[in-house]
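The values are calculated or read from the model by the stated rules, or taken from the named source; none is laboratory data. Quantities reported herein were computed from a predicted structural model and do not represent experimental measurements. For neighbour counting, all protein chains shown are included, and Cβ atoms are generated from backbone atoms with ideal geometry for every residue, glycine included.
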Amino acid sequence: MKAFGKKTAAGLTAFLLTFTSLLTFMGAVVFADDFGDDPNDGIVTAAERKTDLLNEVHEDAPEVSAASYILYDANSGAILLGSDYDVQKEPASMTKVMTVLLALERLDQSEMVTITEEMAEAMDNITEDYVKLGLQEGEVISVQDLVYSAVIKSANDASLVLGMYMAGTEADFCEVMNAKAAEIGCTNTHFSSAFGLSTPDNVTTPYDMALILNEAVTNTNYPEIAKTLNYTIDATNKYSSERELNNGNKFVSTTTYGYEYYVGGKTGFTNTAGYTLCAAAKKNNRTLIGCVFNAADPDIRYSDLIHLFEYGFSNFATVEITDSEFAPLIDETKLQINDLLSDTNLYIADQRVVLDHYITTTSSRAQLGSTNRLDLSETVIDTQADKQTLEIPLCKVYSDKTYLIGTMVIELQKKTGVVEVNPEKITNLTSVRSILITFAVLSGLILLLVIILLIFRARIIKRRRDEVTKRANML
């Protein structure tokens with residue numbers, strides 16, 4: 001029986017090895033690494049990066065007198081500083097940024113506009129305390145002159161005419177404005193005026209206003225217009241002399257508030273909105289946008305934004321992310337996955353990397369440096385699937401914080417020539433069927449092993465009986 005015991009142990013060992021291999025092959029391969037051992041497991045996602053810096057303490061941040069404000073990084077989309085930045089307020093003449101943005105996108109600057117009777121009637125409803133260019137019915141004027149008038153002089157009649165020229169009526173143009181606002185990501189904006197009429201339903205927020213200004217300074221020649229100190233409108237068929245326009249924005253017209261990094265912006269004021277101002281500044285290829293709403297003083301809004309810009313450029317760093325810096329990690333990951341797939345019918349059919357190309361963090365954190373990592377802890381390969389997509393997070397790791405900055409997307413498919421008849425999608429039912437098949441195969445192996453053991457045992461018993469009979473005959 002000792003010999004039998006040794007053979008039994010050997011058979012069971014072989015069976016267990018077969019059993020383990022079969023489970024690995026027929027089940028899912030879990031691809032984990034040691035990322036979870038890192039002390040900074042709290043990964044800041046792309047959505048969280050927008051407001052993450054607001055959760056940190058910035059003890060020396062400038063005080064802002066405006067009721068609500070924002071400092072926004074246009075490269076990364078991060079809010080650096082702010083208060084009530086998502087609260088709806090009247091923008092006053094900052095509304096004109098949207099009107100001019102649409103005019104620059106949709107119209108040829110050399111187009112000539114004729115002031116219609118409908119336009120003239122609408123302009124008559126603009127009260128005397130609102131700035132006007134003095135347009136008259138039947139006057140012919142260029143789109144460019146109207147645009148410069150709206151931005152430099154903040155002429156309300158020029159902005160209204162632009163809107164009506166593009167859409168027919170002011171109401172229809174406001175629908176165009178609101179659609180454009182939604183297109184660029186504004187969620188708390190509703191325009192009911194083409195020029196910034198003081199009304200409770202012409203509202204936006206500091207955050208939405210930052211998005212609108214960013215669109216204007218990034219994708220049009222708005223900066224060139226906004227930084228023009230003086231502009232001359234030639235005489236028209238209804239106006240016999242030239243009209244000189246002087247830029248009222250103190251970022252441009254004064255040395256006291258002149259700011260060398262100023263890119264463009266727009267002022268605003270009504271009795272209900274207070275003093276408003278939005279501006280963009282660019283330094284070392286970084287664009288910051290600041291907006292203040294409901295400031296109590298016409299000058300302090302400029303100094304507030306200058307202080308915000310200076311603090312933003314000095315105390316925050318916008319880090320550019322490139323595909324090349326992740327290349328070694330990506331190549332190594334592909335090798336590991338290919339190794340895992342070597343005993344399966346799967347292969348990597350496609351691979352791509354989706355990156356957010358900028359993140360903003362504090363300057364002190366950025367100065368300490370960072371490392372790049374791929375988080376494989378949640379990656380699972382289903383070896384039974386015909387097709388599957390792996391989405392592997394790419395992270396930038398600092399000493400005290402980890403940012404999710406992209407995804408490595410890998411498409412897996414079955415190899416050519418290994419195709420099932422009438423293949424089915426992987427569902428809960430097919431998963432159960434795979435388990436049942438696995439159980440049936442294992443049961444068959446166990447039964448086969450038992451039969452073999454019984455045959456061996458029967459042969460040993462028969463051999464011993466034959467030996468006993470032979471000895472009895474010899475006696």
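Values as computed for the structure displayed
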quantity: Unmet criterion (only one of (1) at pLDDT below 95; (2) under 28 Å from G290 (Cβ atoms)) for A92; calculated: (1)
quantity: K132 being closer than 21 Å to A210 by Cα and basic (K, R); calculated: no
quantity: Of all residues in the stretch 379-416 being among the charged types (D, E, K, R) and without any contact (Cβ under 8 Å) to a residue 40 or more places away in the chain, the one that is nearest to G312 (Cα to Cα); calculated: E391
quantity: Selected residue (criterion: surrounded by the most Cβ atoms within 10 Å (Cβ to Cβ)) from residues of the stretch 384-420 that are of a type in the set (S, T, Y) and in contact with a strand residue (DSSP E or B) (Cβ under 6 Å, 6 or more places away or on another chain); calculated: Y403
quantity: The stretch 156-172, residues that are hydrophobic (A, V, I, L, M, F, W, C) and without any contact (Cβ under 8 Å) to a residue 40 or more places away in the chain; calculated: A158, A167, A171
quantity: Candidate set from the stretch 94-117 (those that are within 43 Å of the chain's Cα centre (by Cα), surrounded by fewer than 16 Cβ atoms within 10 Å (Cβ to Cβ) and of a type outside the set (S, T, N, Q)); member that is nearest to T267 (Cα to Cα); calculated: E105
quantity: Residues that are of a type in the set (K, R) and under 42 Å from the mean Cα position of the chain (by Cα), drawn from the stretch 225-256; calculated: K227, K250
quantity: The stretch 315-354, subset in contact with a helix residue (DSSP H, G or I) (Cβ under 7 Å, 6 or more places away or on another chain) and in a helix (DSSP H, G or I), residue surrounded by the fewest Cβ atoms within 10 Å (Cβ to Cβ); calculated: D343
quantity: Those residues of the stretch 199-245 which are touching a helix residue (DSSP H, G or I) at 6+ places or on another chain (Cβ under 7 Å) and polar (S, T, N, Q), in sequence order; calculated: N202, T220, N221, T228
quantity: Filter result for S434 (outside any strand (DSSP E or B), at pLDDT 90 or above and either of a type in the set (S, T, N, Q) or outside the structural domain of V353 (by TED's automatic domain parsing) (or both)); calculated: no
quantity: Of all residues in the stretch 274-302 being at pLDDT 95 or above and among the charged types (D, E, K, R), the one that is nearest to T318 (Cα to Cα); calculated: R286
quantity: Hey, T360 polar (S, T, N, Q) and in a strand (DSSP E or B) or not; calculated: yes
quantity: Matching residues in the stretch 396-431 - criterion: being hydrophobic (A, V, I, L, M, F, W, C), modelled with pLDDT of 85 or more and more than 24 Å from the chain's Cα centre (by Cα); calculated: L412
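Residue-by-condition table, conditions (1) crowded, with 22+ Cβ neighbours inside 10 Å; (2) polar (S, T, N, Q); (3) free of Cβ contacts under 8 Å to residues at least 24 places away in the same chain:
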residue	(1), (2), (3)
K153	no, no, no
G196	yes, no, no
P200	no, no, no
T218	no, yes, no
N221	no, yes, no
